[in-house]
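Chemist: Here it is: the structure, laid out below.
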Amino acid sequence: MMIKRFLAVALIVEAFQVSADEIITADTIVVSANRDRQSIIDANESISVVSQDEVLLQGADTVADALQDAPSVLLVNDGTPGLKRVSIRGESAYRTLVMIDGQRITDQKTKSGAPLLINPFFIDQIEVIKGPAAVLYGSDAMGGAVNVITKKPSEDKINTQLGLLYNGSDNAFSEYLNLSGTIEDFSYALGLVNTDAQDLYIADREKIDNTSYRNQGINAYLAWQATDDLKLEYKSEYFDVDAHTASSTDIPGYAEFKAHIPKWRRVKHSLGFELTEINDYVSSLKASVFMQQNDKDFNSSVTRKGPFVSVLNEEDSYGANLQAQFSLGKYFSLIAGYDGERSELKSDSSVGIGTQDISLHDRDFSQTTHGLYALLSTKFNEKLTLNTAIRYNRVDTDAGTSSFNGVKLPWFADKVNEKAVLSAGLVYKPLENASWRLNWSQGYRVPNIQEMYLYTFTGELQVGNPNLKPETSDNYEIGFKYEGDLVTSDFAVFYSDADDYIETVEIDIFPNLPFHFRQFTYNNIASAKTYGADWSLQLNFDSFEPYLDISFIKRKYDTGSIETYNTGVPAIKGRTGIRYYPDCSYGYLTLDFYARFASRVKQDNAGGISYFADDEYGGWTTLNLGAEYLFGDNEEYRIYGALENILDKSYQTSSLIHEPGRFVMAGVSASF
């Protein structure tokens, strides 16, 4: 235990690092905006970047928590601790594509979106594309995409990072160890993480029972620089969650809700190569293949007497990507490629109360995606660049077989969806450190296996609809980014017009069940118009930096019979504060006093499209104070402390559970 405490202190110190050479600047390199390396000032898309040190600065023990302050990003808390999802620009979390190093995490049976089963301490940076990325990455990126870039090896023969993070909101300890290095033509990296969290404390130190969790992860990386131009890579990931879930609210039917996820495990292996400097016309060629398992075991009780629900999902995915970059003279460059993935799903679910039991079994369901894409960059001069892109998508969803208490359910036909989507944008750079961007893009999302075919219990009975159409959208954005000595600013306004939204609709398809269950199916029931703006601003003075990150979102939902602006999205959300850098004779000290805030949230049931009745919770503001001290010859030792929610504010960001009350974070880290 003493070792854990020491590691935790080390980890937290590293978490709050904001030294001048590591903050996000105009020179920051991103890979998500055009599927290749470029300066963020040249990116056509609106993109937020969270560096490794900023992840730790948040005191975050999950990737989602590290993104909580990104403009236009909301965390979605379905009550499962340690497994929040990410919503971008008002879209639901299952319209956010989640990737690791450009390869997606799929979940074909979910109502909450792809899980962020990722080691938060084995990353270089997290890139968030705000706005549809369907042309870049295919289906699911209606709201945007999160791309986690994993840690690259040190150039030294061996480099060690270790640390420990303590989070007082649930008495959680996270320890991590990263080893990496380069020996001649070989480079390697190994990451280990373990998080043990107890039950959550909300305001007034009220403990919410059955909210503990444990996360464990292992990452491995090995690369061989076979020649100056050829590099081979192997990556392996393992992340496993054991979590308990409860509610702190009085929603009818959920006040006594309890759940246990004894296993939610993601295992992945990938191989790839990159060949550079091929000839005068082909500057690079890279390819990768991967296999991934996403298995979940879920058990819940709606009340103490039942019904008792049990779900076991097993999903296997296989994917590949081939991409080439071409130089077509002085003014043109082209990136073209193919990516594809096949996901296979097997699921069992059951529900029981008293002596009555119902069981559902799903077998041989699969979804295969193919994408051909081309991104052309036309440079008119040193200041003006036109970026155009096209992607052809084909998604084959194959219906398997389902049985209800041993009786085979009606067979569904296989479904093929295909569509070409486009994007176009301009980047104008009047100065080297400033750029205007204008962008139009199309969004596209094909329904997953659950929405199309499955009969399943996920708190309620859900029945698939094989006649669903894909969701589509048109999106427009104008933005300005500036990186100066005194001011750093990134501002964007956006508008999205989406059609054929898939939502749940209450039905009564099984009127003779032995006990009552609300029953839902999916329909293309809604359209949505979303407009808003986000703004990041920082003033750079000698010893202090005032800053503001804020987003404004207005969203109108239309089901054909009901129109509403109450869609569960706060109109205003953000963070503002001031960082102070006092003079220190030895080391580097940072003090950060800041407020997080969000406006009131209201969600209308809109004619039965929600599990819950009309819902509303008030706006909130929390005051917070953090401090970090770096020391050592190369500032390799760090000590960090923070007091969060100083005024012990009671507040919600979701329907099922309150957010933490006042708590302390503390820790240390070391790198050598």
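The values are calculated or read from the model by the stated rules, or taken from the named source; none is laboratory data. Quick caveat: nothing in here was measured; it's all calculated off a predicted structure. Ideal geometry is used to build each Cβ from the backbone, glycine not excepted, and the neighbour counts take in all protein chains shown. With ligands, DNA and RNA removed, areas are computed over all heavy atoms of the protein, side chains included. Shrake-Rupley method; radii C 1.70, N 1.55, O 1.52, S 1.80 Å.
Chemist: Scan the strands (runs of 3 or more DSSP E) fully inside region 554-657 and keep the ones with 1 or more residues being of a type in the set (S, T, N, Q) and under 30 Å from Thr245 (Cβ atoms).
Modeler: Of the strands (runs of 3 or more DSSP E) lying wholly inside region 554-657, those with at least 1 residues that are of a type in the set (S, T, N, Q) and under 30 Å from Thr245 (Cβ atoms) span 601-603, 620-631.
Chemist: For Asn512, state whether it is modelled with pLDDT of 85 or more, open to solvent by 50 Å² or more (accessible area, probe 1.4 Å) and within 30 Å of Asp357 (Cα to Cα).
Modeler: no
Chemist: Shifting gears a bit: Do the conditions hold for Gly217, that is, is it open to solvent by less than 20 Å² (accessible area, probe 1.4 Å) and either at pLDDT below 95 or within 29 Å of Val148 (Cβ to Cβ) (or both)?
Modeler: Numbers: open to solvent by less than 20 Å² (accessible area, probe 1.4 Å): yes; either at pLDDT below 95 or within 29 Å of Val148 (Cβ to Cβ) (or both): yes.
Answer is yes for this residue.
Chemist: Let me ask something additional. Consider region 465-483. How many of its residues are open to solvent by less than 20 Å² (accessible area, probe 1.4 Å) and either modelled with pLDDT under 90 or within 24 Å of the chain's Cα centre (by Cα) (or both)?
Modeler: So the answer is 5.
Chemist: Restricting to region 97-129, give me the number of residues that are under 14 Å from the mean Cα position of the chain (by Cα), open to solvent by 10 Å² or more (accessible area, probe 1.4 Å) and more than 18 Å from Gln292 (Cβ to Cβ).
Modeler: 2
Chemist: Please go through region 323-358 and pick out each residue that is free of Cβ contacts under 8 Å to residues at least 60 places away in the same chain and among the polar types (S, T, N, Q).
Modeler: Ser327, Ser333, Thr355
Chemist: Inspect region 501-508 for any residue being farther than 27 Å from Ser599 by Cβ, without any contact (Cβ under 8 Å) to a residue 24 or more places away in the chain and charged (D, E, K, R) and give the result as yes or no. Reasoning before the result, please.
Modeler: Residues of region 501-508 that are farther than 27 Å from Ser599 by Cβ, as a first pass: 502, 505-508.
With without any contact (Cβ under 8 Å) to a residue 24 or more places away in the chain added as a condition, the list becomes 508.
Those still in the list that are charged (D, E, K, R) too: 508.
Scanning region 501-508, I find at least one residue that is farther than 27 Å from Ser599 by Cβ, without any contact (Cβ under 8 Å) to a residue 24 or more places away in the chain and charged (D, E, K, R), so the answer is yes.
Chemist: Just to be sure, is Ser561 open to solvent by 40 Å² or more (accessible area, probe 1.4 Å) and either at pLDDT below 85 or under 30 Å from Leu630 (Cα atoms) (or both)?
Modeler: So Ser561 passes the test.
Chemist: Right, next: Considering (1) exposed (fewer than 15 other Cβ atoms within 10 Å of the Cβ); (2) in a strand (DSSP E or B); (3) not hydroxyl-bearing (Ser, Thr, Tyr), say which one Asp362 fails and leave the rest.
Modeler: (1)
Chemist: Further question on the same structure: Just to be sure I understand, how many residues within region 411-464 are acidic (Asp, Glu) and within 27 Å of the chain's Cα centre (by Cα)?
Modeler: Of the residues in that region, 3 qualify.
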